[in-house]
1. Considering only residues that are among the hydrophobic types (A, V, I, L, M, F, W, C) and without any contact (Cβ under 8 Å) to a residue 12 or more places away in the chain, which ones fall in segment 78-111?
2. Given the condition under 30 Å from ARG17 (Cα atoms), among the aliphatic types (A, V, I, L, M) and free of Cβ contacts under 8 Å to residues at least 60 places away in the same chain, answer yes or no: does some residue in segment 40-51 qualify?
3. Which one of the conditions (1) loosely packed, with under 11 Cβ neighbours inside 10 Å; (2) assigned to a helix (DSSP H, G or I); (3) at pLDDT 90 or above does LYS114 fail to meet, given that it meets all the rest?
4. Within segment 85-96, is there a residue that is surrounded by 10 or more Cβ atoms within 10 Å (Cβ to Cβ) and of a type in the set (Asp, Glu)?
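The values are calculated or read from the model by the stated rules, or taken from the named source; none is laboratory data. What you see is a predicted model, and the numbers here were worked out from it, not measured in a lab. All Cβ positions, even for glycine, are placed from backbone atoms using ideal geometry, and neighbour counts span all protein chains on display.
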Amino acid sequence: MPVFSTVVGVYGDYEKRWHSKRGLTINRISELGHPKFDEIFTNSRTDKETIFKRYELAPNKQTLLVITGPHLDFIKLETLIKNIFDNPNFQIIIKPHPWEIGKKKYGVYLELEKNTN
């Protein structure tokens, strides 16, 4: 496998093994990705029914996951959520960014939930 750089950056152990099996020496592979990358290969998945029960979701609706970030324009997000919520065929899960959770900056999402239910 041709590699023209001194070091190849990879996300995790899976990619490190992949490059190594194709002849790249370990000292030329630098693992610099997200630590959760390998979890997609090692963690077991939870079935939909369990998720629906746990979060009290309707299985007959389309479920939309909205992932937030610390620099998100809340007014735009609120408008989006309210527009989606007007359609009875959809239900929404809001996943705050880890920074927002750590700094306890997710109260705006809880308020939004109260105002749309």
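1. The first filter runs over segment 78-111 and keeps only residues among the hydrophobic types (A, V, I, L, M, F, W, C), leaving 80-81, 84-85, 90, 92-94, 99, 101, 108, 110.
ILE101, LEU110, listed by residue number.
2. For segment 40-51, residues under 30 Å from ARG17 (Cα atoms), among the aliphatic types (A, V, I, L, M) and free of Cβ contacts under 8 Å to residues at least 60 places away in the same chain: present.
3. (3)
4. no
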